[in-house]
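K.L.:
Have a look at the structure that comes next, please.
The values are calculated or read from the model by the stated rules, or taken from the named source; none is laboratory data. All of these numbers come straight from a predicted model, not from anything done at the bench. Note that each Cβ is placed from the backbone with ideal geometry, even for glycine, and that neighbours are counted across all protein chains shown. Areas reflect the complete protein model, heavy atoms only, side chains present, ligands, DNA and RNA absent. Shrake-Rupley method; radii C 1.70, N 1.55, O 1.52, S 1.80 Å.
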Amino acid sequence: MTASTSDQVSRGGVSAAPWHAKRSRRFAGSPGIGFVSPAMLLIALVLIAPSIYGAWFSLHRIRFLAATDFIWFGNYTFLFSDPHFLPVVLRTVVFTVASVMLTMVLGLALAVWVNRIKGTLGLVLQIVIILPWIISHVVGALLYKWVVVNDLGLGRYIMEQLGQFGYDPLSDPVQAMIILIIYSVWRHLGFVMLLMLSGLKSIPADLYEAAHVDGANAWQRFVRITLPLLRTPMLIAVVIETVANINNIEGPLVVTGGGPAGSTNVLAHDLYVRAFVSYDYSTALALGISMFIFNIVLAISYVKLVNRNG
């Protein structure tokens, strides 16, 4: 009996595969839970467990950071009946819708433009456009405020050159909201541009050539070919940008401070004010859990969208 044959013989005389073959079969027969369990455990510790604990806390009256009386949904009832809460929701809707729409339009336009530029120049343009997206959120918000809003910033200088010597956007509610929307667009434009650019590069060039031969002009090719084939990246970008803008805290906190007179106080900033300024942890918890549930709904829609169009 050779050495290779003796390795195949088990104790009871039945042939047995080598140890590495047994290990491969064992992992192949499992659904891969052994590989994903560390990540799932980490997610459970840092996300799921605190969320469940916070949801349970939100059903109590909070006194000195401790849960006292169990009041069911009393905190939620008090939050939703607060006369100041509805204006916050409406401002959040205006801010989110305007930011997402402008980011999508400008991101798609930039992607189409950059896609036509080849070589080093195209690479440099992509790097410049995505810089606001890859830097730290707080650093980006501070830079934007120093350049656009502050007295010695470039924004004031440009407005003065245009004859607007009374430029003070943080003293007017409409101008402050516009400044906040522009910040959000500036912040997320690079991400949307990259997503649209990857979708454009996946479209076969033969489609454009065939349409050109059939007599379609540039606008017809864009409407009939580009937009339909970019539907999935566009929908994914809309969902991600909606979640990002609803949870945007660095913009209203650093750039505008929620002012003037609360005109840029959106949901994320209102949560911060309730918890760390007013110390109203009861309604802050109720608002946080409500926003968490809404984010979960958007995340589920994102996953279904990817699976449907994948």
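K.L.:
For the structure I just gave you, tell me whether Gly288 is open to solvent by less than 70 Å² (accessible area, probe 1.4 Å), at pLDDT 90 or above, among the small types (Gly, Ala, Ser) and over 17 Å from Pro87 (Cβ atoms).
P.N.:
yes
K.L.:
Criterion first (within 28 Å of Ser171 (Cβ to Cβ) and buried (at least 17 other Cβ atoms within 10 Å of the Cβ)) does Leu267 satisfy it?
P.N.:
yes
K.L.:
So Arg231 passes all but one of these: (1) in contact (Cβ under 8 Å) with a residue 40 or more places away in the chain; (2) within 22 Å of Ile129 (Cα to Cα). Which condition number does it fail?
P.N.:
Failing condition for Arg231: (2).
K.L.:
Sticking with this one: Restricting to region 292-301, name every residue that is closer than 14 Å to Ile52 by Cα and either surrounded by 15 or more Cβ atoms within 10 Å (Cβ to Cβ) or in contact (Cβ under 8 Å) with a residue 60 or more places away in the chain (or both).
P.N.:
Phe292
K.L.:
Filter region 97-131 down to residues that are β-branched (Val, Ile, Thr) and surrounded by 13 or more Cβ atoms within 10 Å (Cβ to Cβ) and give me whichever is farthest from the chain's Cα centre (by Cα).
P.N.:
Residue satisfying both the conditions and the ranking: Ile117.
K.L.:
Can you find even one residue in region 152-175 that is in contact (Cβ under 8 Å) with a residue 40 or more places away in the chain and outside any helix (DSSP H, G or I)?
P.N.:
yes
K.L.:
Find the residue count for region 252-275, including only residues that are at pLDDT below 90 and more than 29 Å from Ile62 (Cα to Cα).
P.N.:
Residues meeting the conditions: 1.
K.L.:
Let me ask you something else. Residues to consider are Gly122, Gly107; find the one that is small (Gly, Ala, Ser), under 18 Å from Ala237 (Cβ atoms) and in a helix (DSSP H, G or I).
P.N.:
Gly107
K.L.:
Would you mind finding the one in Ala67, Ala98, Ala141 that is farther than 30 Å from Ser171 by Cβ and of a type in the set (Gly, Ala, Ser)?
P.N.:
Details: Ala98 fails: farther than 30 Å from Ser171 by Cβ; Ala141 fails: farther than 30 Å from Ser171 by Cβ.
Testing whether each residue is farther than 30 Å from Ser171 by Cβ and of a type in the set (Gly, Ala, Ser) leaves just Ala67.
K.L.:
Moving on to the next point. Quick check on my filter: what residues within region 132-156 are modelled with pLDDT of 80 or more and open to solvent by 70 Å² or more (accessible area, probe 1.4 Å)?
P.N.:
Residues satisfying the conditions are Trp133, Ile134, His137, Val138, Val139, Leu143, Trp146, Leu154.
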